[in-house]
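The next block holds one structure in the form of structure tokens; read it before the comments.
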Amino acid sequence: MHELYNEEILKHAKTPEFTSELKTVDASGYAVNQFCGDEVTVDLSFSDGIINDIHVDSRGCSINIASSSLMAGEIKDLDPSKVSMLINKYKSLMNSKITDHEPKKTLGALAVMESVKAFPIRIKCALLGTQAFEDAVSRLHV
């Protein structure tokens with residue numbers, strides 16, 4: 001289990017980032033894992049073509065909470081098209097046998113989530129936040 005709950009994942013699970021409410025919400029997204037009940041709600045603030053602030057409310061397991069927190073850190077200050085590219089790369093990492101280090105480099109802090117792949121039942125937990133972020137980004141009026 002030490003492989004699954006590495007130090008960085010535990011850090012974000014215990015003290016997730018981007019938990020402060022936003023003054024202005026330009027788009028919100030939501031995702032739920034019907035199997036276990038984990039939920040993620042995302043609020044985005046958008047200005048000058050980029051996502052300038054994020055609020056994440058993740059409820060459920062440590063993997064869900066950590067991955068949503070890490071994702072928020074990576075998409076802040078990106079434009080929506082780059083957010084979509086990052087999410088697609090992250091999904092590819094989690095759903096495949098990528099061993100090339102180049103895609104991992106482009107994921108930044110999210111690359112730490114690769115350890116979850118050793119526990120296939122938990123991949124859905126690691127990807128739940130991406131659904132909420134995609135939902136929110138799709139609602140941005142760019």
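Brief remarks follow.
- All other residues whose Cβ lies under 12 angstrom from that of Ala132 are scored, Lys and Arg at +1 and Asp and Glu at -1, for a net of -4.
- Which of Leu110, Leu44 has the fewest Cβ neighbours within 10 Å, and the rest in rising order: Leu110, Leu44
- Nearby aspartates and glutamates by direct alpha-carbon distance to Lys117 (threshold 17 angstrom, same-chain neighbours under 8 apart not counted): Glu3, Glu7, Glu8, Asp100
- When the charge dipole of the chain is built from unit charges on Cβ atoms (+1 for Lys and Arg, -1 for Asp and Glu) and taken about the Cα centre, the candidate among Asn52, Ile121, Thr106 whose Cα reaches farthest toward its positive end is Ile121.
- Shown for Tyr90, Tyr30: other C-beta atoms within 10 Å of each C-beta, ranked fewest to most, produce the order Tyr30, Tyr90.
- Shown for Cys125, Cys61: other C-beta atoms within 10 Å of each C-beta, ranked fewest to most, produce the order Cys61, Cys125.
- Measuring nothing but how far apart in sequence close Cα pairs (under 8 Å, 6+ apart) lie, relative to its length, the stretch 7-138 scores a relative contact order of 31 percent.
Just so you know, all these numbers are worked out from the coordinates, no wet-lab data involved. Keep in mind that what you see is a predicted model, and the values were worked out from it rather than measured. Ideal geometry is used to build each Cβ from the backbone, glycine not excepted, and the neighbour counts take in all protein chains shown.
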